[in-house]
Amino acid sequence: MADTILVVAEQREGKLNRVSLETIAAAQAIAAETGWTVEAAVFGNGVSGIAQEIAGRKLAKVYDVESDKLARYTPDGTVAALKDFIQQKQPRLVLMPHTYQVRDFAPKLAATLGRTLISDSIGFARAKQAANCSLPARCFRASLLPMYRLPAIRRIL
């Protein structure tokens, strides 16, 4: 398992969803605390321009994952593509923007990978025996998909 955080950058009809930039910033904050590197992936058809756009955001790598099957969003197609990609890359943590699209496919993705999904997270802190996730509030939110099994997760209200 690589010491990386993978950000899934969301696009729709060839345009970057701006909350993806907030998700990258959150990943970079976690990386500063953990020493992990941050990578991003953009999925779709004709998304190389979006990958170029986010490449200047101080990321170790940006992946442009192209497929005709991803031209139109479907939860099943997205889960299939992400599952294969995540299993290949083996990041420690996957961050996804808090959007309706992510809320649509992320539970199935987590179940398919046999991992825990922490949605609506606004903060993350790593301790010796636990990971602390801050939830609610009306500001930045992300969905976290820990790629390792956490001994304990505490909710901070």
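Miscellaneous remarks
- Looking across region 31-48 at every residue that is over 20 Å from T99 (Cα atoms) and in contact with a Leu (Cβ under 9 Å, 6 or more places away or on another chain), the one that is modelled with the lowest pLDDT is identified as T34.
- Unmet requirement for K58, which otherwise passes all of (1) touching a Lys or Arg at 6+ places or on another chain (Cβ under 9 Å); (2) among the basic types (K, R); (3) exposed (fewer than 15 other Cβ atoms within 10 Å of the Cβ): (1)
- Taking the criterion of being of a type in the set (D, E, K, R) and out of contact with any strand residue (DSSP E or B) (no Cβ under 7 Å at 6 or more places or on another chain), the residues of region 67-97 that qualify are D68, K69, R72, D76, K83, D84.
- From the options G77, G46, residue that is over 25 Å from S121 (Cβ atoms), in contact with a helix residue (DSSP H, G or I) (Cβ under 6 Å, 6 or more places away or on another chain) and surrounded by 13 or more Cβ atoms within 10 Å (Cβ to Cβ): G77
- Unique match (being farther than 23 Å from T112 by Cβ, of a type in the set (A, V, I, L, M, F, W, C) and at pLDDT 90 or above) among L59, L82, L6: L59
- Test: residue in region 76-95 that is of a type in the set (S, T, Y) and out of contact with any Phe, Trp or Tyr (no Cβ under 7 Å at 6 or more places or on another chain): no
- Look at region 20-36: where a residue is within 21 Å of E53 (Cβ to Cβ) and a partner is assigned to a loop (DSSP other than H, G, I, E, B) and at pLDDT 90 or above, sitting 6+ places away or on another chain with Cβ atoms under 6 Å, you get S20/E10; I24/R57.
- Any hit, region 73-91, residues being part of a strand (DSSP E or B) and in contact (Cβ under 8 Å) with a residue 24 or more places away in the chain: no
The values are calculated or read from the model by the stated rules, or taken from the named source; none is laboratory data. Values in this document were obtained by computation on a predicted structure and should not be read as measured data. Cβ coordinates were reconstructed from backbone atoms using ideal geometry, including for glycine residues, and neighbour counts include every protein chain displayed.
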